[in-house]
1. Quick check on my filter: what residues within the stretch 260-281 are assigned to a helix (DSSP H, G or I) and either outside the structural domain of Tyr222 (by TED's automatic domain parsing) or over 13 Å from Tyr222 (Cα atoms) (or both)?
2. Just name the residue that is modelled with the lowest pLDDT out of those in the stretch 273-293 that are surrounded by 12 or more Cβ atoms within 10 Å (Cβ to Cβ) and over 29 Å from Glu171 (Cα atoms).
3. Only one residue in Asp94, Asp48, Asp105 is assigned by TED's automatic domain parsing to the domain that holds Gln121 and without any contact (Cβ under 8 Å) to a residue 12 or more places away in the chain, so which one is that?
4. Restricting to the stretch 54-101, name every residue that is charged (D, E, K, R) and touching a strand residue (DSSP E or B) at 6+ places or on another chain (Cβ under 8 Å).
5. Search the stretch 139-154 for residues that are farther than 26 Å from Ile179 by Cβ and not assigned by TED's automatic domain parsing to the domain that holds Phe195 and pair each with any residue that is of a type in the set (A, V, I, L, M) and surrounded by 14 or more Cβ atoms within 10 Å (Cβ to Cβ) when their beta-carbon atoms are under 7 Å apart and the residues are at least 6 apart or on different chains.
6. Determine which single condition Gly215 fails, assuming it passes every other condition in (1) in a helix (DSSP H, G or I); (2) farther than 27 Å from Asp291 by Cβ.
7. Wholly within the stretch 50-140, which strands (runs of 3 or more DSSP E) include no fewer than the required count, namely at least 2 residues that are hydrophobic (A, V, I, L, M, F, W, C)?
8. Looking at Leu209, Leu265, which is the one that is modelled with pLDDT of 95 or more and buried (at least 19 other Cβ atoms within 10 Å of the Cβ)?
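The values are calculated or read from the model by the stated rules, or taken from the named source; none is laboratory data. For clarity, every value in this text was computed on a predicted model and none was experimentally measured. Heads up, the Cβs are rebuilt from the backbone with ideal geometry, glycines too, and the neighbour counts pull from every protein chain shown.
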Amino acid sequence: MPAVTKKTSSKAKRAPARRKTPKKAAPRTRGIQPQDCQMDTLPPEASDAVQRIASEGGAIVGRYFEPLGRNPLLLAALPIDSVEPTPFQRDLSDAHHKKLSEVIDRTGLFLDPVIAITAPQTGFWTPNGRHRLEALRRLGAKSIIALVVPKREIAWQILALNTEKAHNLRERSLEVIRIYQGLLEEDPNRAEKDFSFYLEDPALVTLGLCYEKKGNFAGGAYHPILRRLMEFSSEPLRKAISAHESAAEKLFELDALITAAVDKLKERGLVSPYLRAFVIARINPLRWIKDEPPPLVEVLKTMRERAARFNVDKIKQQDLARSGGAPDSE
């Protein structure tokens, strides 16, 4: 099983720091000048995308180098049936795409091209235009304008690019596991840690498996524990996934025991929005560990044992009143 715990250290382990926002650069110190954005000839790295556009019956209506990294981009009109959302983004919102279609229909204009990359076999994937795509389909459109990015890795950066709506833990986890599953099909032999930028947090892979199996899984209650103990593996993806699957199974076993304890507390008339968080806090061995924590598998085993013998008769309402933490529901 791939290692998912931190290496031994004399220092206390903390949750990984979140990525810092890049410092503000000095004005006009990066990128290229406007005239340098013009693309007189197509670079070799764009040839596959050009061929795909032609084979799908699309038409290139513009081309240029984007102004920050000078990467080639193609503006194309694509048959709408040739474009599908990537299989690893958030689920479609009926209310959002229907409202969007009404606005587009009222204005009679489609002004916001989707981003697209070539799909593995045929057609195109859009990593961040699902609702615009469905809105146009609802209106019966024949074509859609897309900014085609020859660099296909952009598809795996959906979490970094999709910032128009804040992701909750469930959405983030589901997107990450769908990205992981896509990577397993395309590049299963590369080390998991090589995709850390795309996957963001190894705990999200495990929680994604949990949310796929149970949509209302209380992942927020376990995320701090997983985040502290897990790291991306140096094993190839095809092997590393087994560690996440095993951890997900152990989490479900633990959650069943905690749910039973919560139900018993409710039967005794104890009321609080923090019941699950309260039980987890009581059985979590990491609360008292300041130095190197045990491996994840040991922590989950300890928590299962403590949950199985959790004595609800000793809990009083004032104990709950003193407890903090997040509510059971996210």
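1. Of all residues in the stretch 260-281, those assigned to a helix (DSSP H, G or I) come to 260-267, 275-281.
Passing the criteria: Ala260, Ala261, Val262, Asp263, Lys264, Leu265, Lys266, Glu267, Leu275.
2. If we filter the stretch 273-293 for residues that are surrounded by 12 or more Cβ atoms within 10 Å (Cβ to Cβ), which is where we start, we get 273-286, 289, 292-293.
After this cut, where a residue has to be over 29 Å from Glu171 (Cα atoms) as well, the list is 289, 292.
Values: Ile289: 83, Glu292: 88.
It comes out as Ile289.
3. Numbers: Asp48 fails: without any contact (Cβ under 8 Å) to a residue 12 or more places away in the chain; Asp105 fails: without any contact (Cβ under 8 Å) to a residue 12 or more places away in the chain.
None of the others qualify; the one that does is Asp94.
4. Within the stretch 54-101, the first condition is being charged (D, E, K, R), and the residues that meet it are 56, 63, 66, 70, 81, 84, 90-91, 94, 98-99.
Answer for the stretch 54-101, where residues must be charged (D, E, K, R) and touching a strand residue (DSSP E or B) at 6+ places or on another chain (Cβ under 8 Å): Glu56, Arg63, Glu66, Glu84.
5. What qualifies is Leu139/Ile104; Ala141/Ile80; Lys142/Ile80; Ser143/Ala77; Ser143/Leu78; Ser143/Ile80.
6. (1)
7. Details: elements: 59-65, 72-79, 83-85, 114-118, 124-126.
Strands (runs of 3 or more DSSP E) meeting the threshold: 59-65, 72-79, 114-118, 124-126.
8. Values: Leu265 fails: modelled with pLDDT of 95 or more.
Result: Leu209 is the single residue among Leu209, Leu265 that is modelled with pLDDT of 95 or more and buried (at least 19 other Cβ atoms within 10 Å of the Cβ).
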